[in-house]
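**Student:** One structure is given below, represented as structure tokens, and several questions about it will come after.
The values are calculated or read from the model by the stated rules, or taken from the named source; none is laboratory data. The model shown is predicted, which means the values in this text are computed figures rather than measured ones. Neighbour counts are summed over all protein chains in view; Cβ atoms, including those assigned to glycine, are modelled from backbone coordinates with ideal geometry.
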Amino acid sequence: MLDDIDRKIIQATQAGLPLTPQPYQAVAEQLGLSADEVMQRLSAMQQSAIIRRIGAVPNHYKLGYRYNGMTVWNIADEIIDEIGQQVGQLEFVSHCYHRPRHLPEWPYNLFAMVHGKSQQEVDSQIQQIKDLLGDKNLGSDVLYSTRILKKTGFRSGGPSTAQNDS
Amino acid sequence: MLTNLHKQLLNDYQHDFPLSPRPYRDIADALGVTEDDVLTAFAELSDNHLISRIGPVIPPNHIGVSALVAMAVPEAELQTVADKVSAHPEVNHNYEREHRINLWFVVIASDNEHLQTVIEDIEQETSYPAMQLPMLNDFFIDLGFKLDLTDA
């Protein structure tokens with residue numbers, strides 16, 4: 001698992017790698033490490049899936065993806081892993097999670113965030129998920145965000161950057 | 001307006017950003033431009049908030065614990081309740097959504113005990129019950145998000 005040096009490297013890079021020719025060297029100097037150690041540890045964390053990817057994090061909202069919906073689905077527990085993987089692979093889905101139901105008011109256990117440049121595009125994406133699920137979909141809903149009341153962290157921008165972008 | 005270089009950087013470097021001493025030069029070599037071109041283009045994307053950063057992306061719950069939390073709040077009280085929720089530093093996203101259950105926020109804490117304390121405090125301060133929806137499994141295969149930049 002992570003040790004203190006790993007955590008420091010993650011903290012030092014969460015605001016972004018510097019836009020200088022040797023960014024890992026800059027991070028290393030800040031932490032009193034060598035650039036080689038920083039790169040080696042980032043690589044190890046990526047291999048153990050602590051880091052999902054290293055790259056540019058686009059601001060979807062600014063790039064025109066202004067329509068987003070939190071789609072929620074009621075899927076039988078026995079098949080939710082299989083179904084979740086199928087939905088998570090769709091290229092317009094940015095997050096896909098299994099979460100607990102809270103009966104009776106909340107029967108949904110699969111959450112998938114979808115993003116599009118128009119309401120029509122989002123509607124068509126939701127229809128594609130419905131078609132994929134067929135009769136395995138025991139009920140669904142879509143919750144659109146109407147207001148951002150707080151958004152902190154390192155990502156600026158609008159609603160379609162979504163929760164936990166990660 | 002985005003140049004071809006901007007578009008390539010946006011779509012081709014959401015993952016596999018080089019882990020090498022001169023990553024921007026390696027990207028430049030791959031795209032047939034100069035290191036300066038790449039640094040300038042990334043800086044422009046960043047200055048215009050088209051990217052929020054370049055760096056490692058960590059899935060939720062790998063550092064600390066988090067939960068999505070939802071509450072049903074009468075519209076007239078929503079702003080007051082939302083302000084009380086947002087006042088907690090552990091709350092990092094807070095959205096109004098169109099639904100009877102209309103207030104949705106993410107709480108991130110150092111451990112589960114801390115998480116539960118924050119959620120209990122919020123319930124007491126607002127007098128509305130909080131529905132906890134922690135992540136049980138993450139199905140997203142994060143290869144980056146394919147952007148359609150034809151009109152950008």
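**Student:** Which one of these does A:HIS102 not meet: (1) without any contact (Cβ under 8 Å) to a residue 12 or more places away in the chain; (2) surrounded by 17 or more Cβ atoms within 10 Å (Cβ to Cβ)?
**Tutor:** Going through the list (1) without any contact (Cβ under 8 Å) to a residue 12 or more places away in the chain; (2) surrounded by 17 or more Cβ atoms within 10 Å (Cβ to Cβ), A:HIS102 breaks only (2).
**Student:** Shifting gears a bit: Suppose we keep only residues that are touching a strand residue (DSSP E or B) at 6+ places or on another chain (Cβ under 6 Å) and assigned to a loop (DSSP other than H, G, I, E, B) within the range A:1-17. Which one would you say is farthest from B:ARG53 (Cα to Cα)?
**Tutor:** Filtering the range A:1-17 for residues touching a strand residue (DSSP E or B) at 6+ places or on another chain (Cβ under 6 Å) gives A:13, A:16-17.
This time we only want the ones that are assigned to a loop (DSSP other than H, G, I, E, B), so: A:16-17.
Details: A:GLY16: 5, A:LEU17: 7 Å.
Restricting to residues being touching a strand residue (DSSP E or B) at 6+ places or on another chain (Cβ under 6 Å) and assigned to a loop (DSSP other than H, G, I, E, B), the top hit is A:LEU17.
**Student:** So which residues in the range A:65-85 are over 16 Å from B:GLN14 (Cβ atoms), in contact (Cβ under 8 Å) with a residue 12 or more places away in the chain and at the interface with another protein chain (Cβ under 9 Å from one of its Cβ atoms), if there are any at all?
**Tutor:** Of everything in the range A:65-85, those that are over 16 Å from B:GLN14 (Cβ atoms), in contact (Cβ under 8 Å) with a residue 12 or more places away in the chain and at the interface with another protein chain (Cβ under 9 Å from one of its Cβ atoms) turn out to be A:MET70, A:ILE80, A:ASP81, A:ILE83, A:GLY84.
**Student:** What residue, among those in the range B:122-137 that are surrounded by 15 or more Cβ atoms within 10 Å (Cβ to Cβ) and assigned to a helix (DSSP H, G or I), is farthest from the chain's Cα centre (by Cα)?
**Tutor:** B:THR126
**Student:** Quick check on the range A:54-64. Is at least one of its residues of a type in the set (Ser, Thr, Tyr) and assigned by TED's automatic domain parsing to the domain that holds A:LEU138? Steps first, answer last, please.
**Tutor:** First pass over the range A:54-64, keeping only residues of a type in the set (Ser, Thr, Tyr): A:61.
Of the ones still in play, those that are also assigned by TED's automatic domain parsing to the domain that holds A:LEU138 are none.
Within the range A:54-64, not a single residue is of a type in the set (Ser, Thr, Tyr) and assigned by TED's automatic domain parsing to the domain that holds A:LEU138.
**Student:** I'd like the full set of residues that are touching a residue at least 12 places away in the same chain (Cβ under 8 Å) and either among the basic types (Lys, Arg) or within 10 Å of chain A (Cβ to nearest Cβ) (or both), limited to the range B:58-68. Spell out how you get there, then give the answer.
**Tutor:** Of all residues in the range B:58-68, those touching a residue at least 12 places away in the same chain (Cβ under 8 Å) come to B:59-61, B:64-68.
Within the range B:58-68, B:PRO59, B:PRO60, B:ASN61, B:SER66, B:ALA67, B:LEU68 meet the criteria.
**Student:** Another one. Among residues belonging to the range B:82-111 that are assigned to a strand (DSSP E or B) and more than 7 Å from every other protein chain (Cβ to nearest Cβ), point out the one that is farthest from A:GLN11 (Cα to Cα). Don't jump to the end; show me each part of the working.
**Tutor:** Here is the first cut: in the range B:82-111, the residues assigned to a strand (DSSP E or B) are B:91-97, B:103-109.
Filter once more, so that each one left must be more than 7 Å from every other protein chain (Cβ to nearest Cβ): B:103-105, B:107-109.
Working: B:LEU103: 29, B:TRP104: 26, B:PHE105: 23, B:VAL107: 18, B:ILE108: 15, B:ALA109: 15 Å.
Checked the range B:82-111; the qualifying residue farthest from A:GLN11 (Cα to Cα) is B:LEU103.
**Student:** Just wondering, is there one or more residues in the range B:6-14 that are in a loop (DSSP other than H, G, I, E, B), under 21 Å from the mean Cα position of the chain (by Cα) and at the interface with another protein chain (Cβ under 10 Å from one of its Cβ atoms)?
**Tutor:** As a first pass, look at the range B:6-14 and keep what is in a loop (DSSP other than H, G, I, E, B): B:13-14.
Checking which are under 21 Å from the mean Cα position of the chain (by Cα) leaves us with B:13-14.
The next check asks that each one be at the interface with another protein chain (Cβ under 10 Å from one of its Cβ atoms); those that pass are B:13-14.
Taking every residue of the range B:6-14 in turn, at least one turns out to be in a loop (DSSP other than H, G, I, E, B), under 21 Å from the mean Cα position of the chain (by Cα) and at the interface with another protein chain (Cβ under 10 Å from one of its Cβ atoms).
**Student:** Okay, moving on. Find the residue count for the range A:28-50, including only residues that are out of contact with any Lys or Arg (no Cβ under 9 Å at 6 or more places or on another chain), more than 21 Å from B:LEU68 (Cα to Cα), modelled with pLDDT under 95 and facing another protein chain (nearest Cβ under 9 Å).
**Tutor:** 2
**Student:** Kindly list, by first and then second residue, each pair from a residue in the range A:34-54 that is assigned to a helix (DSSP H, G or I) to a residue that is crowded, with 18+ Cβ neighbours inside 10 Å and polar (S, T, N, Q), limited to pairs with Cβ atoms under 8 Å and residues at least 6 apart or on different chains.
**Tutor:** A:ALA35/A:GLN25; A:LEU42/A:THR13
For (1) crowded, with 20+ Cβ neighbours inside 10 Å; (2) of a type outside the set (Phe, Trp, Tyr); (3) more than 7 Å from chain A (Cβ to nearest Cβ), each residue gets a yes or a no:
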residue: B:ASP26; (1), (2), (3): no, yes, yes
residue: B:ASP36; (1), (2), (3): no, yes, yes
residue: B:LEU39; (1), (2), (3): no, yes, no
residue: B:ILE51; (1), (2), (3): yes, yes, no
residue: B:PRO56; (1), (2), (3): yes, yes, no
residue: B:GLU77; (1), (2), (3): no, yes, yes
residue: B:THR80; (1), (2), (3): no, yes, yes
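**Student:** With A:THR20, A:THR71 as the choices, which residue is among the polar types (S, T, N, Q), in the same structural domain as A:TYR108 (by TED's automatic domain parsing) and not in a helix (DSSP H, G or I)?
**Tutor:** A:THR71
**Student:** Applying the selection to the range A:43-102, what residues are of a type in the set (Lys, Arg) and over 16 Å from the mean Cα position of the chain (by Cα)? Before you say what the answer is, go through the steps one by one.
**Tutor:** Within the range A:43-102, the first condition is being of a type in the set (Lys, Arg), and the residues that meet it are A:52-53, A:62, A:66, A:99, A:101.
If the condition is that a residue be of a type in the set (Lys, Arg) and over 16 Å from the mean Cα position of the chain (by Cα), then A:LYS62, A:ARG66, A:ARG101 are the ones that fit.
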